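Here is the structure we will look at, set down as structure tokens.
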Amino acid sequence: MEQDEFRREARQWLTENFPAALTGVSGLVFQGDARAAAANADYQLWRARMADKGWGVPTWAKRFGGAELTDEQARIIAQELAAIGAFNPIRSYGTMMLGPTLLEYGTEEQKLEHLPWIATHERRWCQGFSEPGAGSDLASLQMKCTDEGDHWLVSGQKIWTSGADEADWCFALVRTDTSRKQGGISFLLIDMRSPGIEARPIVLISGSTHFCEVFFNDVKVPKGNLVGEVNGGWPIAKRLLQFERGSLSEVKTEIIPLAEIARRYVGSDDQGRIADGDLRTRLTHNAMRYAAYMQTVRRFNEEARNGTAGNGVSVLKNLWSGIIQDRAELLTEVMGADGLGWSGEDYPPEAREATRALLHSKCFSIYGGSYEVQNNITAKRALGLPDS
Ligand SMILES: Cc1cc2nc3c(=O)[nH]c(=O)nc-3n(C[C@H](O)[C@H](O)[C@H](O)COP(=O)(O)OP(=O)(O)OC[C@H]3O[C@@H](n4cnc5c(N)ncnc54)[C@H](O)[C@@H]3O)c2cc1C
């Protein structure tokens, strides 16, 4: 009953405060592009309203910018956002990865310094984990960090760092001891405006410049920016990766109305069904996988609340990647020749977007740990299978 009341209040507040012009727009547009976010007045208004309400990070303490709500209430907000075609404008690497990690491992001073800025989305973060020689085998990372008495000195290179060219801060893994692998890694917070940092954008196959290679050349970092103990960064990194994989497989808003587009391009038969029987079967199969996935997420969340969840996040991440990639391929197929559009007026905008979405979908099974690596984690940690 209490939850019903909260749902009514949430629905009313969201309906009154969400700018109608943003209805149906994917929040990822603003999450991945600081310039687009800064230039859009509706987005800025929405961000400010949600930040004031503390609903971008509803379960966080009020002193950190949250609203001190329960997990159940947070879920209701997410559902009501989806129901009106809205998105959480605060969602970012800060809320999905660093915030939850700092809540567990940060000092009170570090939490107060960073969490309120994450809760308003006024400080953008990037993730400095991968290096040219350290992707799946992340613990091979080499970026050097030495103790210079009153500060840390950092030198080395990161790669595939999403949003590094627009980020204010970076949470990075650095090597503080070369004699041990996992045991020589520390977790450091680095101000991206520090002298000695250069972020060079890399163009992706989809045409976007989502990520960068980042060079650190004798960068001075204050002593207080170390999270946890020196050489104690590995367990913190693993925890953060769990948060990352969990957030990548959260219940999503249904963004592409695939069946509706199919009907438009392929037409309907005399019973009002999508005219192509084979395509219809495959669309239905994908929709069923999507529905089953949503149920699995719900079950997983229930188990997490009861403290009985296993290492299911890796399973969810792989399921979600597969569903999204299939949907992108189906969409391109549905559009026929239009689905090959890349640029120019000969193709409708939705077709050009579909092509880019298809190419972009390839990265879902790479970032946050590749498909094979997630299966390894499931095999070892969830199923207890031996290494080989
Ligand atoms: C769009 C995008 C955004 C990204 N953003 C970030 C970011 O912000 N910050 C960051 O730090 N990193 C980021 N990454 C990097 C990402 O985490 C790595 O690409 C990923 O971990 C894989 O590492 P790799 O590219 O070095 O591939 P590799 O580790 O070289 O893997 C190559 C292939 O070998 C397979 N493989 C490797 N090891 C095993 C194994 N033990 N068993 C079976 N198969 C294996 C992999 O599955 C893969 O198919 C991003 C990547 C992408 C695509």
Screening R280, R356, R327 for residues that are of a type in the set (K, R), outside the structural domain of E72 (by TED's automatic domain parsing), closer than 27 Å to I159 by Cβ and buried (at least 16 other Cβ atoms within 10 Å of the Cβ) leaves only R356
By residue number, the members of segment 347-388 that are more than 11 Å from the ligand (Cβ to nearest atom), of a type in the set (G, A, S) and free of Cβ contacts under 8 Å to residues at least 24 places away in the same chain are A351, G384
In segment 67-91, anything farther than 19 Å from Q3 by Cα and open to solvent by less than 10 Å² (accessible area, probe 1.4 Å) is listed as A86, P89, I90
Picked from segment 133-157 (must be polar (S, T, N, Q) and in a strand (DSSP E or B)), the residue nearest to the ligand (Cβ to nearest atom) is Q157
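I need the full set of residues from segment 129-145 which are in contact (Cβ under 8 Å) with a residue 12 or more places away in the chain, open to solvent by 50 Å² or more (accessible area, probe 1.4 Å) and more than 21 Å from the chain's Cα centre (by Cα), in order please. Let's see the steps before the verdict.
Quick first cut of segment 129-145, residues in contact (Cβ under 8 Å) with a residue 12 or more places away in the chain only: 129-132, 135-136, 138-145.
So of that shortlist, the ones also open to solvent by 50 Å² or more (accessible area, probe 1.4 Å) come out as 132, 136, 142, 144.
Within segment 129-145, P132, Q142, K144 meet the criteria.
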Would you confirm whether or not segment 114-126 contains a residue that is open to solvent by less than 20 Å² (accessible area, probe 1.4 Å) and within 12 Å of the ligand (Cβ to nearest atom)? yes
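Would it be correct to say that A82 is under 27 Å from A36 (Cβ atoms) and away from the ligand (no atom under 16 Å from the Cβ)?
Values: under 27 Å from A36 (Cβ atoms): yes; away from the ligand (no atom under 16 Å from the Cβ): yes.
Judged against the criteria, A82 is a match.
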- request: Tell me, yes or no, whether segment 165-183 has at least one residue that is at pLDDT below 95 and touching a helix residue (DSSP H, G or I) at 6+ places or on another chain (Cβ under 6 Å).
  value: yes
Within segment 178-199, restricting to residues that are in contact (Cβ under 8 Å) with a residue 24 or more places away in the chain and open to solvent by 70 Å² or more (accessible area, probe 1.4 Å), the one that is nearest to L358 (Cα to Cα) is R193
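The values are calculated or read from the model by the stated rules, or taken from the named source; none is laboratory data. Computed from a predicted model, the values in this text were never measured in an experiment. For neighbour counting, all protein chains shown are included, and Cβ atoms are generated from backbone atoms with ideal geometry for every residue, glycine included. For accessibility, only protein heavy atoms count, side chains too; no ligands or nucleic acids. Shrake-Rupley method; radii C 1.70, N 1.55, O 1.52, S 1.80 Å.
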